[in-house]
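Some notes on the structure that comes next.
What follows draws every value from the coordinates through simple rules; no lab data is involved. The structure presented is a predicted model; accordingly, all values stated were derived computationally and were not measured. For neighbour counting, all protein chains shown are included, and Cβ atoms are generated from backbone atoms with ideal geometry for every residue, glycine included.
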Amino acid sequence: MTPPPRPPARDLLQGRVVVITASAGAGIGFATALRMAEEGATVVISDVHARRLTASADQIEGTVGRRPVTVTCDVTNQADVDGLLDAAVAAHGRVDVWVNNAGLGGTAALVDMTDEAWSRVMDVTLGGTMRGTRAALRHMIPRGSGIVLNNASVLGWRAQAGQSHYAAAKAGVMALTRCAAMEAAPFGVRVNAVSPSLAMHPFLEKVTDAALLRALTEREAFGRAAEPWEVANVFVFLASDLATYLTGEVLSVSAQHP
């Protein structure tokens, strides 16, 4: 089945300032940055790869006519994360929405996995989400408003061989989302997560075995992977006024059979 056409923008995020981590390249982070910019948001994009970050800013500017602020950021470094927040506030006065998209995967059987591989995935995927959420809440709670969105994965619920480190990290992202939401709710701040199953993009194809990708695709009810923009649309929904009563939720973006 072929993907549907991209829906038109509806100005759902007009006037909002949005920060997205790991938003360079062609994956969900970039698709979210572009989609939010199309919906009227002023976006600040960050990534650890400076060259790819510049190219992504060029593409967003070419599409919407506004160039995003770019900030190089390593989410394993709290100083970098705080610097990203400071740069966004310096440029635009506030942050309304913070999207923790950064994550690191890989495939390894647990019996062969090193402590270093386990710790690296945990530090980027779960630790980076924690650092971003902590920085955002320190900014948003005193203001009495704001939205934090985390990128989780269906592997936080489902088992897949070779993914114990990544699945554990993403399950942690889900738990972090729920607990942070309860702490932030009394201050008018919402915290939610998006849990994609399979979203196809060039980087995923490069680092994942082709046979495995075919097998995972065949499990999808539509017989295809999601387009990154289809996942991005759910981030847009959660960042908009259409989701004002949702917090502590993990929305699955999945057409996968049980």
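General observations
- Across all directions, the shadow cast by the convex hull of region 117-198 built on its C-alpha atoms averages 5.1 square nanometres.
- Mean sequence separation of contacting Cα pairs (under 8 Å, at least six apart), scaled by the length of the chain, corresponds to a relative contact order of 20 percent.
- Panel values: the chain, Kirkwood radius from alpha carbon pairs, Stokes-Einstein at 4 °C and 1.567 mPa s, translational diffusion coefficient 71 µm²/s.
- Counted residue by residue at 0.36 nm each, then reduced by the alpha carbon distance between them, the extension gain from residue 168 to residue 50 reaches 39.6 nm.
- Ranked by how many other beta carbons lie within 10 Å on average, peptides 44-53, 62-71 from highest: 44-53, 62-71
- At least 27 Å along the helix axis (C-alpha) and Kyte average at least 0.0, DSSP helices within the chain: 164-184
- This ranking places 2, 76, 177 by how few other beta-carbon atoms lie within 10 Å of each, fewest first, which gives 2, 76, 177.
- Placing R0 at 51 angstrom, the Cβ-Cβ distance between residue 112 and residue 67 gives a FRET efficiency of 0.70 after rounding to 0.05.
- Pairwise FRET efficiency - residue 161 versus residue 77, Cβ, R0 = 30 Å, nearest 0.05: 0.40
- Taking amide H atoms as placed 1.01 Å from N in the peptide plane, the amide H of residue 69 lies under 5 Å from those of 45, each 5 or more residues away in sequence or on another chain.
- With a simple spin-label model that places each label point 7 Å from the Cα along the Cα-to-Cβ direction, the separation between residue 224 and residue 179 comes to 4.0 nm.
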